[in-house]
Amino acid sequence: MNRSAPVVPLRGSDSSLLQVQIPEMLRRPIGQVALVNVMDLVQLSITEGRPKAIDKQLQTFVGGVGRQVADIPRGRSWEMFVEDLEELPASQVPEMFREVVRAEAERRSELRSRVDDLLARWAEVEPEPFEIGTRHVRIQKAQMQQPRGPSPESSAAPRERTPRAGGSSSSSRSSGDGAKTSTPRAKPILDTERHDYVVRQCVERLSRCTSDRGLAETVLVAGVRHAGRDLYPDMTPIEITTILKQLRDANRVRYSAGRWSVPTRF
């Protein structure tokens, strides 16, 4: 599986939140989803109370897991997959997925002893049910960044001359004439919803791309701006490319020769 794929905390989310978290995963092959989330989706597919809006897509995804496991190439790719399985807590491996691994072990001779040991360890622990609506998500609002105050004057700096009695100064004229005083400008509000919108758009478009080369940056940026033209008409290309570079640094996307793509392991 893709070890760089971010793990999304699905268990405990309510139905509405699951409908936001899951659709992007369901459009990807299992090699582009964190393995623990693949386990979550398999367990969710047999859980009562799961969101009806995404159930058909969920069942399709889960129905293809066995085929995708069977398609993992022999050699190092299969060995890396087994290594990832060994890192999973047994309680998070659904019975349905255990059957997939058991059937695949019968078909492959390589690493058979390791897979048998893994299945034996799983057999000692019952899979945990997928609970819905037990975890409360705290929504944190973006806060205004307060401008920094002026730096204290150095003792060596020249002091302002005291105005003479009866005389006038710029400060007295300002107060006497009611002139406007300048106030420091606050930095703009950090729009986390806008940032998350761009992230979702970029990742979803790259995940849907069928070309191994990914999407050209100009095409990707234009698509994101077009999708957000009603919500964020002032969105700029530099804003999108900045977020893409952040995703690249987090190993969620890959950049090469002017093109962006989603990293895969297999």
request  = Look through 247, 190 and report the one residue that is out of contact with any Pro (no Cβ under 7 Å at 6 or more places or on another chain) and either within 23 Å of residue 19 (Cα to Cα) or at pLDDT 80 or above (or both).
outcome  = 247
ask   = Going by the conditions given, is residue 214 exposed (fewer than 14 other Cβ atoms within 10 Å of the Cβ) and at positive phi?
value = no
task = Mind listing just one residue for me: the one in segment 227-249 that is of a type in the set (D, E, K, R) and surrounded by 14 or more Cβ atoms within 10 Å (Cβ to Cβ) and, of those, nearest to residue 191 (Cα to Cα)?
result = 239
inquiry  = Take residue 210 and tell me if it is assigned to a loop (DSSP other than H, G, I, E, B), free of Cβ contacts under 8 Å to residues at least 40 places away in the same chain and of a type in the set (Ser, Thr, Tyr).
reply    = yes
Members of segment 203-246 found to be in contact with a Lys or Arg (Cβ under 7 Å, 6 or more places away or on another chain) and among the hydroxyl-bearing types (Ser, Thr, Tyr), listed by number = 207, 232
message = Suppose we filter segment 15-38 for residues that are within 14 Å of residue 264 (Cα to Cα), in contact (Cβ under 8 Å) with a residue 40 or more places away in the chain and part of a helix (DSSP H, G or I); how many remain?
response = 3
task = Can you confirm whether segment 48-59 contains a residue that is without any contact (Cβ under 8 Å) to a residue 24 or more places away in the chain and assigned to a loop (DSSP other than H, G, I, E, B)?
result = yes
task = Determine, yes or no, whether residue 42 is among the β-branched types (Val, Ile, Thr), crowded, with 19+ Cβ neighbours inside 10 Å and in contact with a Phe, Trp or Tyr (Cβ under 9 Å, 6 or more places away or on another chain).
result = yes
message = Any residue in segment 68-81 that is more than 20 Å from residue 34 (Cβ to Cβ) sitting within a Cβ distance under 8 Å of a residue that is among the acidic types (Asp, Glu)? List the pairs, counting only those 6 or more apart or interchain.
response = 70/104; 74/110; 75/110
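The values are calculated or read from the model by the stated rules, or taken from the named source; none is laboratory data. Remember, it's a predicted structure, so these values are computed and weren't measured experimentally. Cβ coordinates were reconstructed from backbone atoms using ideal geometry, including for glycine residues, and neighbour counts include every protein chain displayed.
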